[in-house]
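Worksheet: the structure to be examined is printed underneath.
The values are calculated or read from the model by the stated rules, or taken from the named source; none is laboratory data. Remember, predicted model here, so these are calculated numbers, not experimental data. Here the Cβ is made from the backbone with ideal geometry for all residues, glycine too, and neighbour counts use every protein chain on show. Each accessible area value is taken on the protein alone, full model and side chains, heavy atoms only, with ligands, DNA and RNA left out. Shrake-Rupley method; radii C 1.70, N 1.55, O 1.52, S 1.80 Å.
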Amino acid sequence: MKTQTRLPLTDRLANVSEILISFASSPVLSHYYQVLADFTRFTIHYDFLGIALVDPTESAYIIHSLDAKIEEIEELIEFESIDKGIIGEVIQTGKVSRSQLALTEEPPQSAFQFLCTDYHLHNQLIIPLVQVEQTIGALIFAATEGMDYNEEDERVGVLLAAGLAANFEMARLYQGMADERAMFNSMLQSAKDGFVLIDPDMQVQYCNPAFDTMFNIAQSVQGELLTDLFFEHPFIKLFQEDELDQLELELEDGRIVQAVRHTIISEFGDHLGWAAALHDITLLKELVSMKTDFVNTVSHDLKNPIASIRMAADLIPLVGETNQAQKDMHDRIVRASIFMKELVTELLDIGQLESNLGLKLQELDLTEQLEDVMFAQQTPAESKNIMLVSDFKKDTVIQADPGRLRQLFLNLVGNAVKYTPENGEVRVTLTGLENERVQVDIQDNGLGIPAEDLPHIFDKFYRVRTEDRANIKGTGLGLAITKSIVEAHGGEITVESEVNKGTTFRIVLPIKQPED
Ligand code: ADP
């Protein structure tokens with residue numbers, strides 16, 4: 001019988017720590033297997049070294065041979081049921097097994113025991129790999145006669161197995177992250193939208209192929225400064241101007257993209273950089289422009305026929321005596337043509353505002369403008385006994401387009417009168433705000449707007465459809481125009497309303513317009 005000598009314990013422990021350090025250099029299973037195959041023999045003697053890993057979904061484990069001194073044992077990969085053999089027992093109990101074949105399984109039950117019998121691997125040391133109270137597998141040593149595994153081997157083996165189990169956990173986490181990364185990567189690689197990732201120093205960390213195509217980038221720009229790559233290009237503004245988090249860009253190939261910037265903040269609140277997504281909106285833009293052209297053309301072409309209808313209607317009473325039915329018919333034609341004219345005018349207005357036809361800016365006294373609007377609304381207000389109240393800060397001069405501003409306030413005060421029942425009150429307040437801004441509140445105590453309609457009232461053609469206003473005519477375009485005018489002046493419009501209590505529209509406008 002041949003006997004083996006063991007290295008001194010201190011050397012064996014030093015080797016274990018070497019192995020554990022080597023594990024750390026790459027968190028992948030194949031690396032751990034290689035390290036075990038290369039160095040375990042300096043810690044524990046074996047003729048066969050293997051590892052079993054549990055497959056929880058199958059209630060089974062799989063054995064891999066890592067190293068064998070016996071040439072014929074080349075590779076062993078076997079599936080075994082969890083309740084089979086000595087390895088299954090170690091996995092289930094979580095306890096080390098140090099045994100001699102002759103005393104354990106006879107006849108052999110598992111592939112591993114067959115192997116041990118065939119190659120006379122009489123001594124076996126099987127150590128569970130335990131992770132937080134759960135056994136994930138076992139480290140398997142087997143040796144021919146002459147090496148009875150002892151207490152010291154077991155201790156050294158347990159140490160090695162503990163280190164291995166901890167590293168497996170790391171490998172699992174790493175693999176999970178790598179899988180996730182691979183998934184995101186393939187998504188980004190094949191996406192039609194462009195993506196770019198910038199670090200806080202403005203260096204490009206990543207950009208996908210769609211982004212490269214959008215800007216004709218032929219080679220990797222990772223690590224390059226965005227400010228160099230996009231020197232004086234409008235795209236750079238997205239990262240230089242805080243308030244600007246999206247913009248439209250025309251690409252060299254004629255496409256139009258919308259670029260949106262997102263700031264990346266870590267869970268500890270640190271600024272990690274920015275991501276920008278670029279979406280091709282060429283088709284959308286074409287559709288919008290086609291629609292605007294269509295509406296403009298149709299509206300323009302309708303103007304003349306409507307005027308002719310109105311003229312023809314006005315001639316009817318001049319032709320001769322008309323009876324009541326004819327008078328009613330005449331009234332209906334006149335009302336319909338007034339409505340159609342209003343609709344066409346408003347459609348043309350929207351078209352002009354949307355195609356950004358410049359404002360005719362001049363200095364104007366806002367107080368005077370508002371007084372003028374209040375005067376214009378006097379007659380309709382009086383017809384419903386509605387009180388018009390003005391509360392103006394005097395001599396407020398602002399820079400604006402007088403025609404558009406008048407239109408804006410006529411719409412809002414007109415609506416306030418229109419949607420307030422008899423004996424109500426409409427109050428217009430003008431106040432100065434800090435930072436060179438003014439605020440105008442148009443407040444009424446009328447019908448109010450239901451909460452579910454509020455988010456939509458600035459949409460084109462949106463009209464509130466409640467019974468109490470069923471007979472009030474309108475196009476649903478007034479507030480859309482109003483909002484466009486406010487925004488064209490760099491202002492903001494908000495609304496607060498409660499049904500049967502009243503509505504307040506608030507407009508905040510800058511006193512000066514930015515210079516071009
Ligand atoms: P319309 O031509 O229908 O008046 P607007 O765009 O001016 O179109 O207004 C949209 C809808 O908002 C209206 O249908 C109306 O019901 C509601 N609305 C606007 N102003 C007021 C207000 N001051 N009080 C109550 N409802 C209002």
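Table for the structure above
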| item | result |
| --- | --- |
| For peptides 112-123, 434-445, sequence by mean Cβ density within 10 Å, most packed first | 112-123, 434-445 |
| Extension gain (nm, one decimal) between Ile62 and Lys95, 0.36 nm per residue minus Cα-Cα | 10.0 nm |
| Within region 493-516, backbone nitrogen closer than 20 Å to the virtual label 7 Å beyond the Cα of Gln362 toward Cβ | 510-516 |
| nm² value of the averaged projected area, convex hull over the Cα atoms of region 9-176 | 9.2 |
| Modelled FRET efficiency - R0 22 Å, Asp372 with Glu487, Cβ distances, 0.05 increments | 0.45 |
| Rg(Cα) / (2.2 N^0.38 Å) computed for region 82-179, rounded to two decimals | 1.17 |
| At R0 = 22 Å, FRET efficiency that the Cβ-Cβ distance of Lys291 and Gln352 yields, to 0.05 | 0.90 |
| Cα convex hull of region 362-510 - mean projected area over all directions, nm² | 8.2 |
| For Leu284, solvent-accessible area (1.4 Å; no DNA, RNA or ligand), Å² | 110 |
| Listed residue pairs exceeding 32 Å between alpha carbons, taken from Lys327/Lys483; Lys327/Lys501; Lys285/Lys483; Lys384/Lys460; Lys341/Lys384; Lys303/Lys501 | Lys327/Lys483; Lys327/Lys501; Lys303/Lys501 |
| Signed unit charges on C-beta, dipole axis of the chain, positive-most listed residue Ala470, Pro209, Phe184 | Ala470 |
| Euclidean distance between Cα centres, region 232-300 to region 113-167, Å | 62 |
| Other-chain or far-sequence residues with amide H under 5 Å of Tyr206's (modelled H) | Leu197 |
| Cα-based convex hull, region 284-354, per residue volume (Å³, whole number) | 68 |
| Average projected area [Cα convex hull, the chain], square nanometres | 41.5 |
| Backbone N under 20 Å from the Leu318 label point (7 Å along Cα→Cβ), restricted to region 334-363 | 334-338 |
| Percent carbon-and-sulfur accessible area, the chain, ignoring ligands, DNA and RNA, probe 1.4 Å | 53 |
| Arg465, Arg98, Arg172, Arg12, ranked by accessible area, largest first (probe 1.4 Å) | Arg465, Arg172, Arg98, Arg12 |
| Stokes-Einstein diffusion coefficient of region 273-415, Kirkwood radius over Cα pairs, 25 °C, 0.890 mPa s, in µm²/s | 126 |
| Karplus-derived HN-Hα couplings along region 425-433 (A = 6.51, B = -1.76, C = 1.60, θ = phi - 60°), whole Hz, x at Gly and Pro | 9, 10, 10, 10, 10, 10, 10, x, 10 |
| Average accessible surface area per residue within the chain, 1.4 Å rolling probe, Å² | 57 |
| Förster radius 25 Å - calculated FRET efficiency between Leu53 and Leu13, Cβ distance, rounded to 0.05 | 0.45 |
| For region 441-516: span of alpha carbons on each principal axis (Å, largest first) | 48, 23, 19 |
| Amide H contacts under 5 Å for Val438, placed H, 5+ residues apart | Leu433, Leu509, Ile511 |
| Histogram of C-alpha separations across region 192-280, 10 Å bin width, % | 17, 55, 25, 3, 0 |
| MRE, 222 nm, helices only [DSSP H, n ≥ 4, -39500 (n - 2.57), over the chain, to nearest 500] | -13500 deg cm²/dmol |
